[in-house]
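Asks: So that we are looking at the same thing, I have put the structure below in structure tokens.
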Amino acid sequence: PYDVLVVGGGPAGASAAVYASRKGIRTGIVAERLGGQVLDTLTIENFISVKNTEGSKLAAALEEHIKDYDVDIMNLQRAKGLEKKDLFELELENGAKLKSKTLIISTGARWRQIGVPGEEEFKNKGVAYCPHCDGPLFEGKDVAVIGGGNSGVEAAIDLAGIVNHVTVLEYNSELKADEVLQKRLYSLPNVTVLTNAKTSEITGDDNVNGLSYVDLESGDEKHIKLAGVFVQIGLIPNTDWLGDQVDRNKIGEIITDKSTATNIPGVFAAGDCTNSAYNQIIVSMGEGATSALAAFDHLIRN
Ligand code: FAD
């Protein structure tokens, strides 16, 4: 069996694997996609001491760093269940079962989908989730941002500097973003904000050509012509596969203490899949390091 089995290979998991292995204990890492969300990121400018890098480069560097140590890497493998016997047993989608004395869960998060007709069909054909990655593709065009929370309003401010016009659609009667972001948004000349607007369909032929929404005040359905739609309604933690094994909050984030311990002794969690306050690369790596040290501590006491 492993001493430490890390589930998830983003910044949190990579950091946990390196830290665990440096303790000379038997370490494995299972990842659906080694690199995680970093692979979807264009430019990174806030990974301290590296002024500017690209997601693909950082993801490759994570993998190289893990490979420098004696870590069993099981990439392109999805975990589907967890059982506690005398040891923890992690079941993979391919049927394999991996045993370990401790577990570090670092399965990250993914963009929430709006779930209207056209979203799936026009993905990467005008439907986008990442303004940093795809914003420049819409230079000089008209786009919409669905979602008036912090991520939606940040995206709209970002996009307004690149595209011709941005329409922000918010389902509720007011934006949920921080005041300072709203102020900035409303100061921009090429942004329209629609509240009480329920997106009903993303339309297109080969590519997105617009979006239909229901004006919840009048009940009328309206259509706007667009080249792109950015869906910004939040991140969902990848924790469904745990069933009811590990305690989570109401949005599915694993609840951890300051040493990343969960409610199950020997199971730790780090990064975007947890209830930590901020979802950032450097934060996830810090939590990954904490979780490996905490797992080691657990091993020497049990
Ligand atoms: P993730 O990176 O989500 O990694 C999760 C890992 O778990 C992946 O390997 C995944 O394949 C795996 N996994 C998921 N489910 C399973 C399963 N069932 N079985 C096995 N493996 C599984 N942060 C910054 O600091 N600076 C930035 O500039 C920045 N820009 C960003 C731009 C974009 C477009 C996005 C999407 C995010 C950005 N972030 C940025 C946030 C940052 O990428 C995340 O906070 C960070 O990647 C979280 O790391 P993590 O290891 O917790 O999770």
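Asks: Using a simple spin-label model with points 7 Å from Cα along the Cα→Cβ vector, what separation in nm is obtained for ILE264 and ASN172?
Replies: In this crude label model, ILE264 to ASN172 measures out at 3.4 nm.
Asks: From the Cα trace of the chain, what convex hull volume per residue do you get, rounded to a whole Å³?
Replies: So the per-residue hull volume is 145 Å³.
Asks: Could you check what % of the DSSP bridge pairs in the chain are antiparallel, to the nearest 5?
Replies: If I count the DSSP bridges inside the chain, around 45 percent turn out antiparallel.
Asks: Here is the link list: LYS67/LYS125; LYS183/LYS225; LYS57/LYS84; LYS141/LYS250. Which ones come out longer than 32 Å on Cα distance? Don't jump to the answer; show the numbers that get you there.
Replies: Numbers: LYS67/LYS125 36 Å; LYS183/LYS225 26 Å; LYS57/LYS84 37 Å; LYS141/LYS250 38 Å.
Flagged as over cut-off: LYS67/LYS125; LYS57/LYS84; LYS141/LYS250.
Asks: Once you keep just the Cα pairs under 8 angstrom separated by 6 or more residues, what percentage relative contact order results for the chain?
Replies: 21 percent.
Asks: For segment 127-231, give the share of DSSP beta bridges that are antiparallel, in percent and rounded to the nearest 5; count only bridges with both residues there.
Replies: Around 45 percent antiparallel, to the nearest 5.
Asks: Additional query: Using a 4.7 Å Cβ cut-off, which Cys residues in the chain lack a partner cysteine?
Replies: CYS273, each lacking another Cys Cβ under 4.7 Å.
Asks: Can you flag which of LYS23/LYS85; LYS51/LYS80; LYS123/LYS258 are past 27 Å Cα-Cα?
Replies: Details: LYS23/LYS85 25 Å; LYS51/LYS80 37 Å; LYS123/LYS258 38 Å.
Those over the limit are LYS51/LYS80; LYS123/LYS258.
Asks: Hey, another quick one. Please report, to one decimal in angstroms, the Kirkwood hydrodynamic radius of segment 110-214 built from all distinct Cα-Cα pairs.
Replies: 13.8 Å
Asks: Under 8 Å for C-alpha pairs, at least 6 residues apart: give me the relative contact order for segment 2-43, rounded to a whole percent.
Replies: This gives 50 percent for segment 2-43.
Asks: At 24 angstrom or more along the helix axis (alpha-carbon based) and mean Kyte-Doolittle of 0.5 or higher, what helices does the chain contain? Whole DSSP H runs only.
Replies: 281-301
Asks: Once the piece of chain linking ILE48 and GLU91 is laid out straight, how much longer is it, given 0.36 nm per residue of separation minus the C-alpha distance between them?
Replies: That pair, ILE48 and GLU91, stretches by 11.9 nm at full extension.
Asks: Alpha carbons only, please: Rg and Dmax for segment 13-148, in angstrom.
Replies: According to the Cα coordinates of segment 13-148, Rg and Dmax are 18.6, 60 Å.
Asks: Calculate the length of the line joining the C-alpha centroid of segment 215-285 to that of segment 63-126, in whole Å.
Replies: 15 Å
Asks: Now, a different point. What's the longest piece of the chain with no exposed trypsin sites (Lys or Arg not before Pro), counting a site as exposed if DSSP puts it in a loop and it has at most 10 other beta carbons within 10 Å?
Replies: 86-249
Asks: With each run of n ≥ 4 DSSP H residues scored as -39500 (n - 2.57), what mean residue ellipticity at 222 nm is computed for the chain after dividing by its residue count and rounding to the nearest 500 deg cm²/dmol?
Replies: Value at 222 nm, helices only: -7000 deg cm²/dmol.
Asks: Here's another thing I want to ask about it. Cα-based Rg (one decimal) and Dmax (whole number) for segment 151-288, in Å?
Replies: Values for segment 151-288 (Cα only, Rg and Dmax): 19.2, 55 Å.
A short reminder: the numbers here are calculations on the coordinates, not readings from a lab. Predicted model only: the values in this text are computed from it and were never measured. Note: ideal-geometry Cβ built from the backbone for every residue, glycine included; neighbour counts use all protein chains shown.
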